[in-house]
Amino acid sequence: MNLSLKKYPKLFFLHGLLFLFADINSFSQPVLIQNIYGRNHQSLNGRWNYIIDPYEMGYYDYRHMPFDQSESGKGGFYDDKKPKDKGDWVEYEFDLSPSVKIPGDWNSQVEKLELYEGTVWFRQKFNADPLSQKKYILYFGAVNYEAHVYLNGKKLGSHKGGFTPFQFDVTGKLTKGENFVVVKADNKRFQDEIPTVNTDWWNYGGITRDVLLAELPDTYISDYKVQLAKGNLKMIEGFVQLEGDQKNQQVTITIAEAGIKQTVNTDGNGKASIHIPVKSMEYWSPENPKLYTVEIESASDKLNDKIGFRTIETKGQDIILNGKSIFLRGISMHDENPLIPGRLRGQGDMRMMLNWVKELNCNYVRLAHYPHSEEMTRLADEMGLLVWAEVPVYWTISWLNEETYKNAEKQLSDLMTRDKNRSSVIVWSIGNETPISEPRNIFMGKLATVARSMDNTRLVAAALEIHRKGSNVVVEDPLGDKLDLVSFNEYAGWYWSSTKDMLNYKFDIKFNKPVVVTEFGADALGGFHADDETRWSEEYQDLLYKNQFKMLSAINGLRGMTPWILVDFRSPRRQHPYFQDFWNRKGLISETGKKKMAFHTLKGFYDGIQVKYK
Ligand code: GCB
């Protein structure tokens, strides 16, 4: 599609402005700390008191002016000091309020909050003993969606985006002894946000990932990348970044097990590039998920990480892992536990999910439709699963709003910053099923450019849409030119055609790239059996999978797939009173953990494909 300057003059102006804003944005943000779990930290997880505040009483005064912008700064629910001054608002009390587990969404823990969308306040008390020569960072793994954070009654800042980490420098703001942190979390949906108002998943609110207080040396290693160079099994490339006053330091990178030790000098900005030749090393792959202990040491700081080394590229219609063509035997999944509904709360939940993925004989998983947790990608590293990581640029975003674009770019770059050392992650997905239009093409095109410029060692993709022309399924989205994979969602047999007629369709794919189908599937209520023409039955879903394999196998460049989806998941859009009851039933596993027939069919298909791709 050609962009016409005449038709969209404002768009061109905006386009330029967006780049300007994007730059300002990326320079002005404090660097997200890499590998928070590898630092000396105190967990603030546990039970937090909460106050449900649908009218935002704790944030606005009766004239709807924010308390935290008023001169006295008093009145808000964050000001929890006692005794209260005369005239302060007394109609709240954290100490007497109920509590929930953090990390954890509120919907699954408090019955009356199951469908709630709005503000909830949280408070946690903790002890600290701050040392004068140290830096302190308060880190949130994720809060959905907008968070305002206060420490000891003073505002630290705010953050938007429900799935990416954020942090505040709290050096000099901690008291010896008791401290308290208050978070206002608001999960209301808005058209101009990322995601927008319409999604097919539960809008879980609250502090859904870890809250940690890290103690760091005065000058600390804030960020690093240690990965194989693009397509080069013999060279490790990356950088180390220091934060603090002593910017010029010697930094040593040691990978003892691979006989690697190299020292670099950081420049006046605290940064040093690294280029380390590799003599011999075991490369990370799903069959051999070898992780090396990488030690990074400066004069003032030292840390360890476990990192795998692999290359990923495409060549014509092939996906090349460590120099060899592979087939991605995948499955899609949400960050949700079917058995104890709610967001995944920790390693136990995550292992259960990834063990199911392994049971299917997958080597690949699509972590849809938003960033899953850092622990999840670390577990994928350990368990040998390749990962498609995604940002929630989903369906109908406000393509012309520059703030919306900045937000999307920030969520993408924060995800990439966080997971850039994970060998499991091979694909950065910039969105899902975004409808073609000129403003959308510009928005998505820019995201693709940003992803590529931030990381040339992985693939950039998006889940595209198909359209039908006669008996052809056509894939020709112009965004495809900017992506490494041809990926699309295709619901033959469920949203169009029947399980029988779908076999009459042929694919017409306009790109000579590897095809990795991101979605297909059908709803089936676990345990409901009927003939294979009866919708909602396991038999129907099973036949659809079998016919999809027939249909997709006709694609020359087929190099993988992630059917929709591992387990049933909750969605307010799924209203059939008998078969759905707020559950999307396209899972291969039911909400009670029971495997449906199609689970075994997909496993059988993957067992066969594996033999073919040996
Ligand atoms: C899709 C979406 C996914 C939905 C799925 C469905 O195309 O990408 O988020 O859940 O279809 O079940 O309709």
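The values are calculated or read from the model by the stated rules, or taken from the named source; none is laboratory data. Note that the structure is predicted; figures quoted are calculated from it, not measured. Virtual Cβ from ideal backbone geometry, glycine too; neighbours counted across all protein chains shown. Side chains included, ligands, DNA and RNA excluded: accessible areas come from the protein's heavy atoms. Shrake-Rupley method; radii C 1.70, N 1.55, O 1.52, S 1.80 Å.
What is the extension gain from N288 to E476, computed as 0.36 nm multiplied by their sequence separation minus the C-alpha to C-alpha distance, in nm to one decimal? Present the calculation step by step, with values, prior to reporting the outcome.
On the way: separation 188, 0.36 × 188 = 67.68 nm, distance 3.67 nm.
Extra length from N288 to E476 when fully extended: 64.0 nm.
Please give the FRET efficiency for Y60 paired with H600, using the beta carbon to beta carbon distance and R0 = 45 Å, rounded to the nearest 0.05. All intermediate terms of the calculation are to be shown ahead of the outcome.
Details: r = 55 Å, r/R0 = 1.22.
E(calc), rounded to 0.05, equals 0.25.
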Spatially close lysines, pair count over the stretch 484-563: Cα under 17 Å, gap of eight or more or interchain: 4
Packing-based order for 493-506, 352-365, using average beta carbon neighbours within 10 Å, highest first: 352-365, 493-506
Accessible area of E257 in the full protein assembly, 1.4 Å probe (Å², nearest 10): 130
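Shape verdict for the stretch 221-309, please, from the Cα gyration tensor: rounded (a/c under 1.5), prolate (a/b greater than b/c) or oblate. If you can, show how the numbers build up before the last one.
Values: a/c = 2.26, a/b = 1.94, b/c = 1.16.
It is prolate, given that a/c is not under 1.5 and a/b is the larger ratio.
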Antiparallel DSSP beta bridges within the stretch 299-383, as percent of all bridges there, nearest 5: 60
Rounded to 5, the percent of DSSP beta bridges in the chain classed as antiparallel: 75
Rounded if a/c under 1.5, otherwise prolate or oblate - the stretch 76-171, Cα gyration tensor axes: oblate
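If a/c stays under 1.5 just call it rounded; otherwise compare a/b with b/c (prolate if a/b is bigger, oblate if not). Do that for the stretch 391-519, with a ≥ b ≥ c from the square roots of the Cα gyration tensor eigenvalues.
Numbers: a/c = 2.21, a/b = 1.66, b/c = 1.33.
It comes out prolate by the Cα gyration axes.
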With Cα atoms, 0 to 90° folded angle of helix 597-612 axis to the chain main axis: 80
Rough spin-label spacing in nm, given labels placed 7 Å along Cα→Cβ, for K550 and L339: 3.7
Anchor K410: lysines whose Cα lies under 17 Å away (excluding residues fewer than 8 positions away in-chain): K160, K420, K446
CD proxy at 222 nm, helix term only [per DSSP H run n ≥ 4: -39500 (n - 2.57); per residue of the chain; nearest 500]: -6000 deg cm²/dmol
Rounded FRET efficiency, nearest 0.05, which uses the C-beta distance separating A530 from E111 and R0 of 30 Å: 0.30
Fully extended contour minus Cα-Cα distance, from L96 to T171, at 0.36 nm per residue: 24.0 nm
Ordering of 60-67, 240-247, 403-410 by burial proxy (mean other Cβ atoms within 10 Å per residue, highest first): 403-410, 240-247, 60-67
Antiparallel bridges, percent of DSSP beta bridges restricted to the stretch 314-612 (to nearest 5): 25
Inter-site label distance for T449 and A299 at 7 Å from Cα along Cβ, in nm: 4.2
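For the chain, what relative contact order do you get, as a whole percent, if you take Cα pairs closer than 8 Å and at least 6 residues apart?
Details: 1388 pairs, mean separation 70.0, N = 614.
The normalised contact order for the chain reaches 11 percent.
In whole percent, how big is the carbon plus sulfur part of the accessible area of the chain, probe 1.4 Å, protein atoms only?
Working: 12550 of 24570 Å².
Carbon and sulfur together cover 51 percent of it.
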Given charges at Cβ of Lys, Arg, Asp, Glu: the stretch 465-614 dipole, positive-most of V611, M561, T534: V611
Nearest 10 degrees, 0 to 90: helix 374-383 Cα axis against the chain principal axis: 50
For the stretch 314-612, accessible area per residue (1.4 Å probe, heavy atoms of protein chains only), Å²: 31
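Over the stretch 120-261, give the accessible area per residue in Å² for a 1.4 Å probe, as an integer.
Each residue of the stretch 120-261 exposes 35 Å² on average to a 1.4 Å probe.
First measure r as the distance between the Cβ atoms of S70 and S132, then evaluate 1/(1 + (r/R0)^6) with R0 = 30 Å and state the FRET efficiency to the nearest 0.05. All intermediate terms of the calculation are to be shown ahead of the outcome.
Details: r = 33 Å, r/R0 = 1.09.
Working from the Cβ atoms, E equals 0.35.
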